[in-house]
Amino acid sequence: MNSLFITAASLVSEADVRAARLGSRFGRLDLASQLALLAVEKLAADFDGLGRERVGICLTAAAGSLSTDAAYWNGRAGVGGPSPTLFAYTLPSAAIGEIAIRHRLMGPNLCFVGHESDALSEAAHLILRGEAAACLAVFCHVVTPALAAMIQWSPAARAGALLLQRLDTGLHRWRENDRDIAAMCSLLSAR
Amino acid sequence: MDALANELKAKIVESLKLQDVNPDQIDDNAPLFGAGLDLDSIDALELVVMLEKHYGIVIKDIEEGRPAFQSVRALAEFVRARRPSQ
């Protein structure tokens, strides 16, 4: 079993979040964490079979947590101040914590802010270095309309997840030049 | 039927964004933390903000609010005692 295979893929949008039912506390997560958590949920991965202490998470957030940061900052003028709950999500890595808590994953994790291309190859290298038996590669891109107006980006709310494992077969054999997670999620989740 | 308690239940659900929790199903005497709604420390801070925003009650020390957060009934009594006269 020397090859790395993508064994599950998912792609979700804000509409999927609105329809999702992941427990009473799902509503308090910021949109980025909701999207990332839902993307991983839709993989329907058997983490028990993989060994939860050996599953890593690599997440990339193209706009970091800027949308949540802006919402928190805008709340400072209100009576009582900004939302304490929102403050917990003013870090781009917050989604990793939510994924790890929900699925009790205790492997290594990495968060990238910027282009998504690093997450999948880094996930592969975590496995190749023997630091993880399997790894989630997650991308999350959230630019709320309020932030879009501030930074002149296009509004966006989507996330995708890939599960990478060392196996003999899977949806797609990982190659060194496989870097565009969004495109791969779109392609593979359609299968 | 305590109108303030019912109002507080709705505000708890709204401010804590509790999904699939019907305010009418919250027991007036059930503990809010540790059991019952199973709220945590961040929720406690969110409730402090809610009390200031909707009832003008400022809690400067979380210890001050601890007895109030034992149940919806305790919270209603706290609000009655502490909210500024209108």
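Annotations for the structure displayed:
- Count of residues meeting criterion [touching a Lys or Arg at 6+ places or on another chain (Cβ under 9 Å) and loosely packed, with under 15 Cβ neighbours inside 10 Å] in region B:1-18: 1
- Residue check for A:ASP180: exposed (fewer than 15 other Cβ atoms within 10 Å of the Cβ) and in contact (Cβ under 8 Å) with a residue 24 or more places away in the chain: no
- Only residues that are away from chain B (no Cβ under 14 Å) and free of Cβ contacts under 8 Å to residues at least 40 places away in the same chain were counted across region A:6-23, and they come to 2.
- When B:GLU64, B:GLU46 are checked against the criterion of being out of contact with any helix residue (DSSP H, G or I) (no Cβ under 8 Å at 6 or more places or on another chain) and either farther than 30 Å from A:THR90 by Cα or open to solvent by less than 90 Å² (accessible area, probe 1.4 Å) (or both), a single residue qualifies: B:GLU64.
- Residue count for region B:31-68 under the criterion of being touching a Pro at 6+ places or on another chain (Cβ under 9 Å) and aromatic (Phe, Trp, Tyr): the result is 1.
- For region B:63-85, the count of residues that are within 14 Å of another protein chain (Cβ to nearest Cβ), over 12 Å from the mean Cα position of the chain (by Cα), within 21 Å of A:GLY80 (Cβ to Cβ) and modelled with pLDDT under 90 is at least one.
- For region B:4-20, taking the residues that are over 21 Å from A:PRO84 (Cα atoms) and free of Cβ contacts under 8 Å to residues at least 60 places away in the same chain, the one that is nearest to the other protein chains (Cβ to nearest Cβ) is identified as B:ASP20.
- Of everything in region A:92-121 that is surrounded by 19 or more Cβ atoms within 10 Å (Cβ to Cβ) and of a type in the set (D, E, K, R), the residue that is farthest from A:LEU31 (Cα to Cα) is A:GLU116.
Results for (1) away from chain B (no Cβ under 14 Å); (2) surrounded by fewer than 24 Cβ atoms within 10 Å (Cβ to Cβ), shown as yes or no for each residue.
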site: A:ARG28; (1), (2): no, yes
site: A:ALA44; (1), (2): yes, yes
site: A:ASP48; (1), (2): yes, yes
site: A:CYS58; (1), (2): yes, no
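Each row is one residue, and each column tells you yes or no for (1) within 14 Å of chain B (Cβ to nearest Cβ); (2) buried (at least 21 other Cβ atoms within 10 Å of the Cβ); (3) in contact with an Asp or Glu (Cβ under 6 Å, 6 or more places away or on another chain); (4) over 23 Å from B:VAL13 (Cα atoms).
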position	(1), (2), (3), (4)
A:ARG25	yes, no, no, no
A:ALA39	no, yes, no, yes
A:ARG52	no, no, no, yes
A:VAL55	no, yes, no, yes
A:LEU66	no, yes, no, yes
A:PRO84	yes, no, yes, no
A:PHE87	yes, no, no, no
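The values are calculated or read from the model by the stated rules, or taken from the named source; none is laboratory data. Predicted model only: the values in this text are computed from it and were never measured. Virtual Cβ from ideal backbone geometry, glycine too; neighbours counted across all protein chains shown. We work out accessible area using only protein heavy atoms, side chains counted, and drop any ligands, DNA or RNA first. Shrake-Rupley method; radii C 1.70, N 1.55, O 1.52, S 1.80 Å.
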